[in-house]
Amino acid sequence: MEQHKSFIVRVATADDKKYAGIITDEMASSAQARGTGIAKRSPEYVQRKMEEGKAVIAVSPAGDWVGFCYIEAWGHEEFVANSGLIVSPAFRGLGVATAIKKRIFALSRERYPHAKIFGLTTGLAVMKINSELGYEPVTYSELTQDDAFWSGCKSCVNYEILMSKERKNCMCTAMLYDPKDHYEPAETTADFKQHSKLYERFMRIKQWKLLRPFLKSSSEKQKTKSLFSIFFNL
């Protein structure tokens, strides 16, 4: 258990099932606000992760829910994803996401010591956290090819783009930690700091190129304009 001034980060247990509803509601509202999607999960699914000891939760000293993340295994446990990272709006900006990411990463290494840990993100903040843990940017071909994982992208507004690229590319940047072949966190952190501006520019160019074909249809123009506002802060 890791205790901070405003919150406590620990492995979730069956006693935390009472928080499942508020967690899944915040996941849905946060995805809607960003204009992107994550795999939709029911309160029952989140509760099962808590019972299995495959989730990390953050709570305040008063017992309020602060943040959450869970583990999913794919491809006969060859790959592991730390999914559903969410922080309560009242506690954002306090380092909760970083603390949860570090604890869920450690839990993943404990539960699945030989698995490759991966993630997909559109945000530089998450890329920075991942780099501090030893993740590296990779191509989609290096991720799990388990159909069950990719079906979780169906709730994302960018799913059509993903499928048009035959699951080889999309808006998200893929990052991977391979326990058999990885740089030390100090090296990946230094690389991110040195090239963060380049990563940001690359992500914007990639997103523009992926969105451009969808401008051809007039019915899609308003949708694409909305996506532009989200990704490029217009």
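The values are calculated or read from the model by the stated rules, or taken from the named source; none is laboratory data. All values derive from a computational prediction rather than experimental measurement. Every residue, glycine among them, receives a Cβ derived from its backbone with ideal geometry; neighbour counts consider all protein chains shown. The protein model used for the area step is the full one, side chains on, heavy atoms only, and it has no ligands, DNA or RNA in it. Shrake-Rupley method; radii C 1.70, N 1.55, O 1.52, S 1.80 Å.
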Tell me which residues, restricted to the stretch 116-150, are out of contact with any helix residue (DSSP H, G or I) (no Cβ under 7 Å at 6 or more places or on another chain), modelled with pLDDT of 90 or more and small (G, A, S).
S141, A148
Every residue from the stretch 127-143 that is out of contact with any Lys or Arg (no Cβ under 8 Å at 6 or more places or on another chain) and not acidic (D, E)
M127, K128, S131, G134, Y135, P137, V138, L143
Among the strands (runs of 3 or more DSSP E) confined wholly to the stretch 1-85, which include 1 or more residues that are touching a Cys at 6+ places or on another chain (Cβ under 9 Å) and touching a residue at least 40 places away in the same chain (Cβ under 8 Å)?
55-59
Which of the numbered conditions does M163 fail, given that it passes all the others? Conditions: (1) open to solvent by less than 30 Å² (accessible area, probe 1.4 Å); (2) in a helix (DSSP H, G or I); (3) modelled with pLDDT of 90 or more; (4) among the hydrophobic types (A, V, I, L, M, F, W, C).
(1)
How many residues of the stretch 112-160 are in contact with a Phe, Trp or Tyr (Cβ under 9 Å, 6 or more places away or on another chain) and part of a helix (DSSP H, G or I)? The answer is 13
Given the structure, is A14 among the small types (G, A, S), modelled with pLDDT of 95 or more and either over 18 Å from the mean Cα position of the chain (by Cα) or loosely packed, with under 14 Cβ neighbours inside 10 Å (or both)?
yes
